[in-house]
Amino acid sequence: MTKVIPFKAVRPTRDKVGLIASRAYQSYTIAEREARLNNNPYSFLHIVNPGYKYHKEISGVERYQLVKNRYQEFKEEGIFVQDQSPCYYIYKIIDRNHQTYEGIIAAASTEEYEKNIIKKHEDTIEERETIFKEYLKTVGFNAEPVLITYPDNKQLTQIIKKNTSQRAEYEFTTTYKDTHYLWKIDDSKTLEKIQMAFDNCNSLYIADGHHRSASSLLLQQDLKSKNPKHTGTETYNYFMSYLIPESHLTIYEFNRLIKDLNSLSKEEFLIALDELFLIENRGLVYYKPLQPHHFSMYLDGEFYSLQLRKTNYNFENALDDLDAQILYKTILDPVLGIKDLRNDDRIEYAHGRNDMAYVKTKVDSGEFSVGFGLKPATIDQLKQIADQGLKMPPKSTYIEPKLRSGITIYEF
């Protein structure tokens, strides 16, 4: 059983939602951020980048307090208002490629995250968890839901279909040509049906937002320890989530770019790979892997296909079957000497939406010596790895949808 509850969201007024909604702060270039901050006084970026008001970069605890101040200003000016009763929110995105994502924004339980009922497939960095916990504690709200997936559920699908057939409360299109819709669900019968449907789920899986989930648990533990009247029903016992069926996830790969061949010549490098891979030089013919355990490689102006020789590789668990792990165990670590995938500055990652053409451009520029293309992981692989308590290497999946900040806000 999983506990997913409605909550009283703070939301923009209908006429401002398209102006307020923003992508994750880090996804903007400096020039993009400046343009939005200069031209749109309602952008949520003004809240998360409060130093703009003072023409100054501000960080740490001082920034956290100013974020809280800007947020309070938006509320005082009536730009944000809070719903009077707990609600679920159906959120729909149609992206520029006409891919549709539909799911439910709700509050998920930190206790179930701690007990691994809400399962994770990525490691988190303790320092980042602590920093974001302190941020949440100071500002008192979360504006970007954790992306969680659940097995396709007929009852939830019917509820979503019925409600999305009506006019949405919010509808706006971004400059990226993605169209966003939101419906508020507050009638008691539908609330009960949604809650019961999630009660019947044995497990949920985090698709994106591992650090936000971990930080929410740290916050819950901190606030619980300081609350002698703790009951378990306080808002800090939950974190805002966007729950979508497995069939609505789109999973892209992260390709790998390596700056040097670890002092090997091109010929020595290829000979080292030959032990574990069937190698085919494809010249200028663009190659993208279509099967598991096949890889694309771009080296010295030519494409190669690499097919794993399975007789020389041990499959002991679900992680060993993941292409990102295979590449690490067979090439990145033993041949190229890259052991720390998070912190080694010799490796960079390019998500699959940029494709191998991007990898080719970066290698041809001389910035990198070799690039590898992978086949995307599947939702079944993600679940199997999470079920076995294992963790994928960093940058194993690039998962969509990517959500906008500031459309629904969860206050602690």
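The values are calculated or read from the model by the stated rules, or taken from the named source; none is laboratory data. Every value quoted in this text rests on a predicted model; they were computed, and no experiment measured them. Counting neighbours? That spans all protein chains shown, and the Cβs are built from the backbone with ideal geometry, glycine included. Just so you know, the surface numbers come from the protein's heavy atoms only, side chains and all, with ligands and any DNA or RNA stripped out. Shrake-Rupley method; radii C 1.70, N 1.55, O 1.52, S 1.80 Å.
Given their separation in residues at 0.36 nm each and the Cα-Cα distance between them, Lys310 and Thr130 gain 60.7 nm when the chain is fully extended. Between the listed residues Ile185, Tyr101, Thr2, the Cα displaced farthest toward the positive end of the dipole of the chain, a dipole computed from Cβ unit charges relative to the Cα centre, is found at Ile185. Taken about its Cα centre, the chain carries a charge dipole of roughly 1300 debye when the Cβ of each Lys and Arg holds +1 and the Cβ of each Asp and Glu holds -1. Placing a label point 7 Å from the Cα of Gln65 along the Cα-to-Cβ direction, no residue of region 398-412 has a backbone N closer than 16 Å.
In the chain, the portion of solvent-accessible area held by carbon and sulfur atoms comes to 47 percent [1.4 Å probe, whole percent, DNA, RNA and ligands not counted].
How big is the gap, in Å, between the Cα center of region 116-146 and the Cα center of region 267-334? Cα centroid of region 116-146 versus Cα centroid of region 267-334: 35 Å apart. Distance between the 7 Å Cα→Cβ label points at Tyr176 and Glu280: 3.5 nm. Tally Lys/Arg at +1 and Asp/Glu at -1 over every other residue whose Cβ is under 14 Å from the Cβ of His121; what's the total? For residues surrounding His121, the net value is -2.
What's the magnitude of the charge dipole for region 309-412 around its Cα centre, counting Lys and Arg as +1 and Asp and Glu as -1 at the beta-carbon? Answer in Debye, nearest 20.
On the way: 15 positive and 16 negative charges, 34 e Å.
The dipole magnitude comes to about 160 debye.
Simple point charges give the picture: +1 on the Cβ of Lys and Arg, -1 on the Cβ of Asp and Glu, and for region 175-316 a dipole about the Cα centre of about 500 debye.
Compute the FRET efficiency between Thr100 and Ser203 as 1/(1 + (r/R0)^6), taking r as their Cβ-Cβ distance and R0 = 30 Å, and round to the nearest 0.05. Show your work: numbers first, answer last.
Numbers: r = 25 Å, r/R0 = 0.83.
For R0 = 30 Å, the calculated efficiency reads 0.75.
Using a Förster distance of 35 angstrom, determine the FRET efficiency expected from the C-beta separation of Lys75 and Lys161, and round it to 0.05. Can you show the working numbers first?
Details: r = 34 Å, r/R0 = 0.97.
Result of the calculation: an efficiency of 0.55.
Straight-line cross-link reach from Lys68 at under 23 Å between alpha-carbon atoms covers these lysines, not counting any fewer than eight positions away in the same chain: Lys8, Lys16, Lys53, Lys56, Lys133, Lys137, Lys224, Lys226. Averaged over its residues, the chain has an accessible area of 47 Å² per residue, based on protein heavy atoms and a 1.4 Å probe. Where the centroid of each part is defined by its Cα atoms, how far is region 71-103 from region 340-412 in Å? With region 71-103 and region 340-412 each reduced to a Cα centre, they are spaced 27 Å. Here is the list for region 222-298: chymotrypsin sites (Phe, Trp or Tyr not before Pro) lying in DSSP coil, each with at most 14 other C-beta atoms within 10 angstrom of its C-beta, are Tyr286. A straight chain from Asp83 to Glu114 at 0.36 nm per residue would run longer than the Cα-Cα distance by 8.3 nm. Projecting the Cα atoms of Gly232, Ser265, Leu219 onto the charge dipole of region 146-282, computed from C-beta unit charges around the Cα centre, puts Gly232 farthest toward the positive end.
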